[in-house]
Amino acid sequence: MEIFLIIGIFLYISIAIDILQTTLSMQGGGWLTSRISHLFWKFFLLISGRNGKSKILGHAGYILLTSIVFVWVFFLWASFTFILYSYPGAVEASSSKIPADFWQLVYYAGFSISTLGMGDYIPTSNFVKILTSFYSFTGLILLTMSVTYFIPVLSAVIEQRKLGVKLSALGNSPQEIVLNAWNGNNFERLTNKIDGISDSIVKYSQQHRAYPVIHYFHSTDPETTVILQLARLFEALHIIRYKVPEDTSPPLEDLRPLIIAFQNYFKVVSQVTHFSIKDANPKKTNINRLYELKLIPEKSEILLPDHETKHRRLFSTLIYFDGWSWGEVDPKNS
């Protein structure tokens, strides 16, 4: 019976650590929650046909959030059941005094962690009484922490949607963002907004770190999907930094808040996701209109730094695993 005691203790420690890391650490989901979320999302991608506009993906977020709580309850329930099963006669029927069998222990463990306390089965020793109280308190804490976890997660989802809408106003493609930013003399239409945009991206990044599950609250509208909007803005930033001539492009200091915001975003995403970055570089952005307006020297070919190329591949990977394609970033070039 010792093996059941070991299994029960192991399950309890594992799920307790996972719950604490997920709800309180602000460093992303616990090991179990992160893996379950990743596998869950891959399953939804599969049944949706990897179609970002699928309504199936639109329901994934709240189903996953509920499933995580059920997993926590299941592991806690299984933990208590195995520990009780390792002690023969730990629980008995209150009327007949007959020791509970395995399924009756499952029933007893379930109503104990739910703090329901039916009374038709009772512990037979002081140790089991204390253990029952311990698991009852754990169940109560789990319920409380689940509710307190839901509220900031849903708030972060709202902020994520707001960021997507905010960035969509800049333009529907990288080239359009650059064109909308140009006033005929400079890019003040964009640089005047950079501080606010950067703050929003940093806030989103930190919420993504604290609650990685928000990544799975999928928007089926490509015009307001935050990952597509971030990729468009990042491509536009590349154009302004590396292709627009120095005498026309904004000073680096004006762009620095946005550059740092993206660097922070990449760091966070690399820490909390479990995707392997694609080796292939995404398609080059369409900038023909910028050539026509002489904003960019004709057919100038400037190689991006290696780290910037890697970041483009990271965006391409994130977009792919969100059910979209790179063509959604630059629709006129797809």
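The values are calculated or read from the model by the stated rules, or taken from the named source; none is laboratory data. Given the structure is predicted, the values throughout are model-derived calculations rather than measurements. FYI the Cβ positions are ideal-geometry reconstructions off the backbone, even for glycines, and counts take in every protein chain you see.
Brief remarks on what is shown
- Meets criteria (within 24 Å of VAL226 (Cα to Cα) and not assigned by TED's automatic domain parsing to the domain that holds ASP221) for TRP41: yes
- Selection status of THR115, at pLDDT below 90, touching a Gly at 6+ places or on another chain (Cβ under 9 Å) and closer than 30 Å to GLY61 by Cα: yes
- Boolean, ILE296 is among the aliphatic types (A, V, I, L, M) and either at pLDDT below 90 or part of a loop (DSSP other than H, G, I, E, B) (or both): yes
- Residue that is surrounded by the most Cβ atoms within 10 Å (Cβ to Cβ), among those in the range 19-60 that are among the polar types (S, T, N, Q) and more than 22 Å from LEU140 (Cα to Cα): SER37
- Qualifying residue in the range 180-202 (condition: touching a helix residue (DSSP H, G or I) at 6+ places or on another chain (Cβ under 8 Å), surrounded by fewer than 21 Cβ atoms within 10 Å (Cβ to Cβ), within 30 Å of ILE13 (Cβ to Cβ) and charged (D, E, K, R)): no
- Scanning the range 78-107 for residues that are among the β-branched types (Val, Ile, Thr) and closer than 12 Å to TYR135 by Cβ yields THR81, ILE83.
- Members of the range 179-205 that are touching a Leu at 6+ places or on another chain (Cβ under 6 Å) and of a type in the set (A, V, I, L, M): ALA181, ILE194
- Flag if LEU304 is part of a loop (DSSP other than H, G, I, E, B), crowded, with 16+ Cβ neighbours inside 10 Å and outside the structural domain of SER48 (by TED's automatic domain parsing): no
- VAL272, sole failed condition from (1) in contact (Cβ under 8 Å) with a residue 60 or more places away in the chain; (2) closer than 19 Å to PRO174 by Cα; (3) within 30 Å of the chain's Cα centre (by Cα): (2)
- Checked against (1) part of a helix (DSSP H, G or I); (2) within 18 Å of ALA78 (Cα to Cα); (3) not aliphatic (A, V, I, L, M), THR115 passes all but condition (1).
- Of the residues screened, PHE80 is one that is in contact (Cβ under 8 Å) with a residue 12 or more places away in the chain, among the hydrophobic types (A, V, I, L, M, F, W, C), surrounded by 20 or more Cβ atoms within 10 Å (Cβ to Cβ) and assigned to a helix (DSSP H, G or I).
- Here the condition is being farther than 21 Å from SER325 by Cβ and among the basic types (Lys, Arg); of LYS278, LYS243, LYS284, it holds for LYS243 alone.
- Restricting the first member to the range 95-120 and to residues that are in the same structural domain as ILE141 (by TED's automatic domain parsing), and the second to residues that are part of a loop (DSSP other than H, G, I, E, B), the beta-carbon pairs closer than 6 Å and six or more apart or on different chains are PRO99/GLY89; PHE111/MET118; ASP120/SER94.
- Of the residues examined, HIS311 is not one that is closer than 27 Å to ARG35 by Cα and not in a helix (DSSP H, G or I).
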